[in-house]
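To keep things clear, I will list the structure first and then write my remarks on it.
The values are calculated or read from the model by the stated rules, or taken from the named source; none is laboratory data. Just so we're clear, the structure is a prediction, and the values are computed from it rather than from any experiment. Cβ placement follows ideal geometry from the backbone for every residue including glycine, while neighbour counts extend to all protein chains displayed. Keep in mind that these areas ignore ligands, DNA and RNA; they rest on the heavy atoms of the full protein, side chains included. Shrake-Rupley method; radii C 1.70, N 1.55, O 1.52, S 1.80 Å.
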Amino acid sequence: GEYFEKVRTLFRTYSKIFVVNVDNVASSQMHQIRASLRGQAVVLMGKNTMVRKAMREVVAENTKLEAIVPWIYGNIGLVFTN
């Protein structure tokens with residue numbers, strides 16, 4: 001669906017990805033973070049199982065991305081930037 005396509009596009013578009021733990025981060029704070037990063041980075045939040053599923057295709061294209069998979073657990077977000 002649309003979510004999977006968005007996730008795949010993010011992985012293909014940005015050269016740098018980092019995993020952030022969002023335990024104890026209020027949604028209002030996440031909103032401020034997203035707003036401050038606008039134009040420079042994209043913050044992806046979502047169900048980890050869906051993110052992993054969407055990643056399968058891009059990992060096949062770029063095996064370096066495999067290194068991120070073990071870190072996709074718990075309450076995390078992915079930040080995409082160049």
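A few comments on the model shown:
- Heavy-atom accessible area per residue - the chain, 1.4 Å, Å²: 67
- For region 35-82, trypsin sites (Lys or Arg not before Pro) meeting the loop criterion (DSSP other than H, G, I, E, B) and having at most 13 other Cβ atoms within 10 Å: Arg38, Lys47.
- Matching label, Cα extents along the principal axes in Å computed from the structure shown, candidates (1) 35, 27, 24; (2) 38, 24, 17; (3) 43, 36, 22: (1)
- Chymotrypsin sites (Phe, Trp or Tyr not before Pro) restricted to region 1-37 and DSSP loop, no more than 15 other C-beta within 10 Å: Tyr14
- Among Ala67, Ala41, Ala54: highest mean-square fluctuation, GNM of the chain, C-alpha pairs under 10 Å: Ala67
- Projected label points at His31 and Lys47, each 7 Å from Cα along the beta carbon direction, are separated by 2.5 nanometres.
- Dipole size of the chain about its Cα centre, with +1 on Lys/Arg Cβ and -1 on Asp/Glu Cβ: approximately 80 debye, rounded to the nearest 20.
- Neighbour-limited loop hits for chymotrypsin sites (Phe, Trp or Tyr not before Pro), region 44-82 (at most 15 other Cβ within 10 Å; DSSP other than H, G, I, E, B): Tyr73
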